[in-house]
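In what follows, a single structure is set out as C-alpha cells and then discussed.
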Amino acid sequence: MRPFGPVWPGTAAGNHWTVVATVPSHASLDQVAKAAADCRACDLFENATQTVFGAGPASARVLLVGEQPGDVEDQRGAPFVGPAGRVLDRAMAEAGLSREHAYLTNAVKHFSFRPAGKRRIHETPKARHISACRPWLAAEVLAVSPELTVCMGAIAAKAVIGPDVRVLRDRGVLLERDSLIGPGTFLLTVHPSAILRAPSDRREEDYKAFVSDLRVAANALGR
Ligand code: URA
C-alpha cells in the first residue's frame, strides 16, 4: 500500500519511503490520537494491528515512556496492558504513583515483530522507526505538559534524551535538561520487561531497584 502524507523529494532509499508524521498543531490529545491512528510515517503500520497511542489524562503530572506496544497491547490498542504492564502496575503502586493519574505511552506506537509460526516475536524498533514516531511523542508531551517524564529502558531514554544517554549509569536521579522533545525534568529507569527477563536469582533485586527509581518520581511530585 502506498503511504499518504508529505514525501520529501530525494530521500526515498531502497524499499523505504520517507514520510513525515502529519501531527495536527494546537490540537487536543484526542485529536492527536485520531491523527496518529492513520500514521504511515514508517513501515511498521503494515503488519501491526493498529496504532497504540498513549493513555491517561491530559492533566497528568507524570508521563511514562516505554519502548513500543507488545503483542497484547497491539491487539487491545492500549499501552502497558500485557505482562510488562502488570509489573509496571505493581511497581507504580508500591512506589506511590497512581497509574490512573499518569500518562503512559511508548517511543514507537506500532508493534514491531517478526512472525514465527503462530507467534509474533518482539523486534527492537530501528532508529528510523523511533525518528518517524518522535513527532507523536513530542505532541503528547506538549499536550500533557508533564512535570516529570520517566523513560523506561534504553530505547525510550535514547528516543527522548538522545544517543549518549546510559540508563544504568544515569538512572534514578532527576535530570533537568534539554531533550529531543524539548526541555524538562526527566528520570531514567529500566524497562519493566527487563525484570521479567532477568534471571530468577536477580529478579527480586532488579524489581526493588525499579520501585526505588519510581519512588524518586513519586517524591518529586510530592506524594
Ligand atoms: N512494552 C512497552 O514498552 N510498552 C508497552 O506498551 C508494552 C510493553
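Nothing in this text is a laboratory measurement; each read-out follows from the coordinates by a stated rule. Note that the structure is predicted; figures quoted are calculated from it, not measured. Glycine gets a Cβ as well: all are built from the backbone with ideal geometry, and neighbour counts include every protein chain shown.
A simple spin-label model places pseudo-atoms 7 Å from Cα toward Cβ; at ASN219 and LEU196 they are separated by 3.0 nm. As a length-normalised measure over Cα pairs under 8 Å and 6 or more apart, the relative contact order of the range 42-188 settles at 27 percent.
The packing ranking of peptides 37-46, 165-174, highest mean first, is 37-46, 165-174, where packing means the average number of other beta carbon atoms within 10 angstrom of each residue. Couplings 3J(HN,Hα) for the range 179-196, derived from phi with the Karplus relation 6.51 cos²θ - 1.76 cosθ + 1.60 (θ = phi - 60°), are 8, 6, 10, x, x, x, 9, 10, 9, 9, 8, 7, 7, x, 6, 5, 6, 5 Hz, where x marks Gly and Pro. Figure legend: label point modelled 7 angstrom from the Cα of ALA27 along Cα→Cβ; residues of the range 51-84 with amide N under 15 Å from it are 51-54.
Full extension of the chain between LEU168 and ARG86 gives 27.3 nm of extra length, using 0.36 nm per residue less the Cα-Cα distance.
For the chain, report the translational diffusion coefficient in µm²/s to the nearest whole number, using Stokes-Einstein at 10 °C, 1.306 mPa s, and a Kirkwood Rh over Cα pairs. Using the Kirkwood radius from Cα pairs, D works out to 89 µm²/s.
VAL150's amide H: which non-local residues (gap 5+, or another chain) put their own amide H closer than 5 Å, with H modeled 1.01 Å from N in plane and none for Pro or chain starts? Residues meeting the amide H criterion: LEU63, LEU64, VAL65, LEU187. The stretch between GLU100 and ASP38 holds 19.7 nm of extra length on full extension. This uses 0.36 nm per residue minus the Cα-Cα distance. The lysines within cross-link reach of LYS158, meaning a Cα-to-Cα straight distance under 27 Å and a gap of 8 or more places when in the same chain, are LYS34, LYS109, LYS126, LYS208. Modelled this way, with points 7 Å down the Cα-to-C-beta line, the labels at ARG128 and ALA116 are 2.4 nm from one another.
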